[in-house]
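Colleague: I have a structure I would like to understand better, so I am pasting it below and will then ask my questions one at a time.
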Amino acid sequence: MSYYKIIIPSRKRLKAIKRSANELFPTATVVVAKEEAADYATVVDKKRIVTHPNLLGYTKIFNWCQDHFKEECLFFVDDDVRAVRAIMPPGSRKLSSDDILVVIENAIQAIVDLDMSVCCFSRTKNWTITDPWNAPIVPVQFPTVGFGIRGAARTRKSDESLIGRADMDWGLRTLRDDRAVYADIRFFFDNGAIFSGEGGNVGIVDEKHRERITQEIQRRWGRYVPTGNIGFQKTREVVAMRISVLRKNSTALS
């Protein structure tokens, strides 16, 4: 499969990238600021490192990657992913790097065959919330942590005025314009608590900014962005937003 590239954008997370890039995603390209390249080369093979012009914020880097890389499909992974888990009752199990690559490639092949624009995975490892047995693939999900883009989504830019929450707006525009995503909820890309630790968007996005952009997203999308917290994410340090989009006729037989 030469038509895709796995990309890990990273900022000030040498310890995390040493694990994620080398142990979990050994074929991935690591995208970092030019000013951090030398530091990252101490933990990742420099041949795997691509530098951007010191952009600040994941949203700007995501947009830059869309223009810089030429592959038909780009698969983005958060740099702080610490495990990919297969969700099978009564629990979950960690996947090896070889198995992770199979999961990614299967999802990419599926959206190519179906001519869909986005593949993504479960937002929780709690199988009581989802139903991986009876509904392993669902058409609505928030693409985050680990997701692939092609087709219309391949050139759909993220709104840089919404840094810190832009992925929520981008995901909703994808569901509006492309109608559905390919979400394989049998697998969970686990990256722990959001907006915590060092690096990433930490230090770029403060509470005042986050509150402003949260209100803006709610203004734009209204009822499709419920204001309540997500029950299965009680351990998160920041309230995670969620989407509420239906793609199933409530009067249809289940």
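The values are calculated or read from the model by the stated rules, or taken from the named source; none is laboratory data. Since the model is a prediction, treat every value here as computed from it, not as a measurement. Cβ: placed from backbone, ideal geometry, glycine included. Neighbour counts: every protein chain shown.
Colleague: Please specify each residue of the stretch 116-137 satisfying the condition of being within 17 Å of Val81 (Cα to Cα) and either touching a Cys at 6+ places or on another chain (Cβ under 8 Å) or among the aromatic types (Phe, Trp, Tyr) (or both).
Modeller: The answer is Phe121, and nothing else.
Colleague: Same structure again: Would you confirm whether any residue within the stretch 140-153 is in contact with a Phe, Trp or Tyr (Cβ under 8 Å, 6 or more places away or on another chain), among the hydrophobic types (A, V, I, L, M, F, W, C) and farther than 24 Å from Lys70 by Cα?
Modeller: Checked the stretch 140-153: no residue is in contact with a Phe, Trp or Tyr (Cβ under 8 Å, 6 or more places away or on another chain), among the hydrophobic types (A, V, I, L, M, F, W, C) and farther than 24 Å from Lys70 by Cα.
Colleague: Now a separate question. Looking at (1) part of a strand (DSSP E or B); (2) at pLDDT below 90; (3) not aromatic (Phe, Trp, Tyr), can you tell me which one Gly199 breaks?
Modeller: The single condition Gly199 does not satisfy is (1).
Colleague: Let me ask something else about it. Can you tell me which residue in the stretch 51-67 is nearest to Arg156 (Cα to Cα), limited to those that are of a type in the set (Ser, Thr, Tyr) and surrounded by 18 or more Cβ atoms within 10 Å (Cβ to Cβ)?
Modeller: The selected residue is Thr59.
Colleague: Run Val43 past the list (1) buried (at least 19 other Cβ atoms within 10 Å of the Cβ); (2) in contact with a helix residue (DSSP H, G or I) (Cβ under 7 Å, 6 or more places away or on another chain); (3) β-branched (Val, Ile, Thr) and report the number of the one that doesn't hold.
Modeller: All conditions are met except number (1).
Colleague: Could I ask something else about it? Looking at the stretch 131-152, which of its residues are among the β-branched types (Val, Ile, Thr) and surrounded by fewer than 22 Cβ atoms within 10 Å (Cβ to Cβ)?
Modeller: Ile137, Val138, Val140, Thr144, Val145
Colleague: Can you tell which of Ala21, Ala37 is within 17 Å of Phe189 (Cβ to Cβ) and modelled with pLDDT of 95 or more?
Modeller: Going through Ala21, Ala37 in turn, just one is within 17 Å of Phe189 (Cβ to Cβ) and modelled with pLDDT of 95 or more: Ala21.
Colleague: Report whether or not Arg93 is surrounded by 16 or more Cβ atoms within 10 Å (Cβ to Cβ), among the charged types (D, E, K, R) and out of contact with any helix residue (DSSP H, G or I) (no Cβ under 8 Å at 6 or more places or on another chain).
Modeller: So Arg93 fails the test.
Colleague: Oh, and also: Any chance you could count how many residues in the stretch 95-132 are at pLDDT 95 or above and not small (Gly, Ala, Ser)?
Modeller: So the answer is 22.
Colleague: Going through the stretch 59-96 one residue at a time, which ones are touching a residue at least 60 places away in the same chain (Cβ under 8 Å) and in contact with a Pro (Cβ under 6 Å, 6 or more places away or on another chain)?
Modeller: Result: Ile87, single match.
Colleague: Out of contact with any Ser or Thr (no Cβ under 8 Å at 6 or more places or on another chain), aromatic (Phe, Trp, Tyr) and modelled with pLDDT of 95 or more: is that true of Trp64 in this structure?
Modeller: Yes; evaluated as a whole, the condition is true for this residue.
Colleague: List the residue pairs whose Cβ atoms are under 7 Å apart, where the first residue sits in the stretch 121-133 and is closer than 16 Å to Lys94 by Cβ and part of a loop (DSSP other than H, G, I, E, B), the second is modelled with pLDDT of 90 or more and among the aromatic types (Phe, Trp, Tyr), and the two are 6 or more positions apart or on different chains.
Modeller: Filtered contacts from the stretch 121-133: Thr124/Phe188; Lys125/Phe188.
Colleague: I need the full set of residues from the stretch 20-57 which are among the acidic types (Asp, Glu) and more than 23 Å from Asp99 (Cα to Cα), in order please.
Modeller: Glu35, Glu36, Asp39
Colleague: While we're here: Can you pull out every residue in the stretch 6-24 that is touching a strand residue (DSSP E or B) at 6+ places or on another chain (Cβ under 6 Å) and closer than 17 Å to Gly148 by Cβ?
Modeller: Residues satisfying the conditions are Ile6, Ile7, Ile8, Pro9.
Colleague: Taking only the stretch 1-54 into account, find how many residues are farther than 19 Å from Ile104 by Cα and polar (S, T, N, Q).
Modeller: 4
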